[in-house]
Amino acid sequence: MPVGTQAGVKSLAPRDLLTELDARIVLANTYHLYLRPGHEIIQRLGGLHRFMSWPRAVLTDSGGFQVFSLNALNKVTEEGVLFRSHLDGAPHMFTPVSTVDVQLAFGSDILMVLDECLPYPVSHDDARRSVGRTLRWAGEANRHFLQRRSSFGAAHSLFPIVQGSMYADLRRACALELLELDADGYAIGGLSVGEPRNLSLEMVEATAPLLPLARPRYVMGVGLPEELPEYVARGVDMMDCVLPSRNARNGCLFTSAGRVIIKNARYLEDAEPLDRECACYTCRTFSRAYLRHLFQAGEMLFSTLATLHNLTRYLDIMRQIRQAILLGTFPQYLNNARSRSATLP
Ligand SMILES: [Zn+2]
């Protein structure tokens, strides 16, 4: 899922996401949109889809991750999280119920429950207490969601989030308890918080098999291109990550032949396309030399062309994976991907 934090994927128009990228779903950020422009304004303007002119699916996170990562001044109580806006310092509170209401005001297709996102590392005791709270919050959010859903039909889904820091026993216990909610899909959160990457994979490996096979399993906030098949191999269906778009703006491009750091002098007169195997507008149209020039000159167009390519690369990998699964050749695909990524820059 491309990430559109402020209801916009940075540097791209929704038209690009639709026609060039054929993205099926984008992620938007509850914390940011709640603070600015506010969920009530978005609701009055017809909801998030109309507001951002995006006809396909929108997933919104619950805001918990941003509250914990952007705010030194947050206080977690049994009721919810007290925090100060990073914009003007004003106090706000997110509760399991209020974050459902905010996301319903957006008209999100997939809503996420409020969860407590711990830093890394924490003790087993702290992680256990936090999982207890996350489970109570998930139950509360789900009850409220089901009540409200009865009045507007089944067009929305609420996903609970498995937490448990880097402790497999807590992750498993959390997953098993969340199964009782019988949710439409499940997320694995609290990863990509500074832990070594093999540990993130290990936690997913411990958790994903416990979640229902026939419903989406979503790992939040991962990963690098070479990690996508690894997560899928562990049973993951959905991922989101700012890396393709953020790295694009910083001049780091993901290609089928590895990473290209476009500012390198070796691309000064390079007339080749960025990635011969990529069919995106950027690769169909421009040379590496031109892309490097735009980057060096600080042109906004660079961000657009680079983001278009990086997101295409990510979505292409996922399209190839889906095809391999349908053809029954995913094990070979995974082996090839592993041996290729071992040799690429
Ligand atoms: Zn491309």
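The values are calculated or read from the model by the stated rules, or taken from the named source; none is laboratory data. Keep in mind the model is a prediction, meaning the values are calculated, not measured. When we count neighbours, we look across all protein chains shown, and the Cβ atoms used for this are built from the backbone with ideal geometry, even at glycine. Note: areas computed on protein heavy atoms with side chains; ligands, DNA, RNA excluded. Shrake-Rupley method; radii C 1.70, N 1.55, O 1.52, S 1.80 Å.
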Once the Cβ-Cβ distance between Leu344 and Ala214 is put in as r, and R0 is 41 Å, what FRET efficiency do you end up with, to the nearest 0.05?
0.75
Spit out the partnerless Cys residues in the chain, using Cβ distances under 4.7 Å as the pairing rule.
Cys117, Cys174, Cys241, Cys252, Cys280
Cα→Cβ-extended label distance, 7 Å offset, between Leu224 and Glu277, nm:
1.7 nm
Which Rg and Dmax, in Å, describe the Cα atoms of the chain?
20.5, 62
Nothing charged except the Cβ atoms of Lys and Arg (+1) and of Asp and Glu (-1): what's the magnitude of the dipole of the chain about its Cα centre? Round to the nearest 20 debye.
580 debye
Considering the options Phe145, Phe286, Leu253, tell which one lies farthest towards the positive end of the dipole of the chain, charges being +1 on Lys and Arg and -1 on Asp and Glu at the Cβ, about the Cα centre.
Phe286
Counting only protein heavy atoms and a 1.4 Å probe, tell me what percentage of the chain's accessible area is made up of carbon and sulfur.
53 percent
Divide by every residue of the chain the summed helix terms, -39500 (n - 2.57) for each DSSP H run of at least 4, and state the resulting mean residue ellipticity at 222 nm, rounded to the nearest 500 deg cm²/dmol.
-13500 deg cm²/dmol
For the peptides 233-242, 149-158, 308-317, what is the packing order when you average, over each peptide's residues, the other Cβ atoms within 10 Å and list the highest mean first?
308-317, 233-242, 149-158
Kindly write out, for region 150-166 in residue order, the coupling ³J(HN,Hα) from the Karplus curve 6.51 cos²θ - 1.76 cosθ + 1.60 (θ = phi - 60°), rounded to whole Hz, with x marking Gly and Pro.
4, 8, 10, x, 9, 6, 10, 10, 10, 9, x, 10, 6, 10, x, 6, 9
Dimensions in Å of region 263-306 - Rg and Dmax from alpha carbons
9.7, 27
Give me the number: length gained by fully extending Glu205 to Ala265, i.e. 0.36 nm times residue separation minus the C-alpha to C-alpha distance, one decimal in nm.
17.5 nm
FRET efficiency for Asp22 and Asp125 from the Cβ-Cβ distance with R0 = 45 Å, rounded to 0.05, comes out at 0.45
Relative to the present Cα-Cα distance, how much length would full extension add between Ser287 and Leu45 at 0.36 nm per residue of separation?
83.0 nm
Charges at C-beta only: +1 for Lys and Arg, -1 for Asp and Glu. How large is the resulting dipole of region 1-86 about its Cα centre, in Debye rounded to 20?
220 debye
With +1 on each Lys and Arg Cβ and -1 on each Asp and Glu Cβ, and nothing else charged, work out how big the dipole of region 169-212 is about its Cα centre, in Debye to the nearest 20.
180 debye
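Percent of alpha carbon pairs in region 1-81 separated by more than 22 Å?
When all Cα pairs of region 1-81 are counted, 30 percent exceed 22 Å.
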On a C-alpha basis, how far is the centre of region 80-103 from the centre of region 203-237 in Å? Whole number, if you could?
29 Å
Place a point 7 Å from the Cα of Arg322 in the direction of its beta carbon; the residues of region 1-18 whose amide N falls under 17 Å from it are 1-3, 17-18
Selected from Ala187, Ser303, Leu114, residue furthest toward positive end of dipole (the chain; charges at beta carbon)
Ser303
Could you state the accessible area per residue of region 134-233 in Å², with a 1.4 Å probe and every protein chain left in place?
40 Å²
With a Cα-only, solvent-free Debye model of region 1-160, what are the log10 I(q)/I(0) values at q = 0.08, 0.16, 0.17 Å⁻¹?
-0.24, -0.92, -1.02
Which is farthest toward the positive dipole end of region 178-268 among Met238, Ala208, Ile262, measuring Cα position about the Cα centre, with Cβ charges +1 (Lys, Arg) and -1 (Asp, Glu)?
Ile262
Note down, for region 151-202, the three equivalent ellipsoid semi-axes (square root of 5 times each alpha carbon gyration tensor eigenvalue), biggest first, whole angstrom.
26, 13, 7
Measure out, as a whole number of angstrom, how far apart the alpha-carbon centroids of region 126-166 and region 13-65 sit.
21 Å
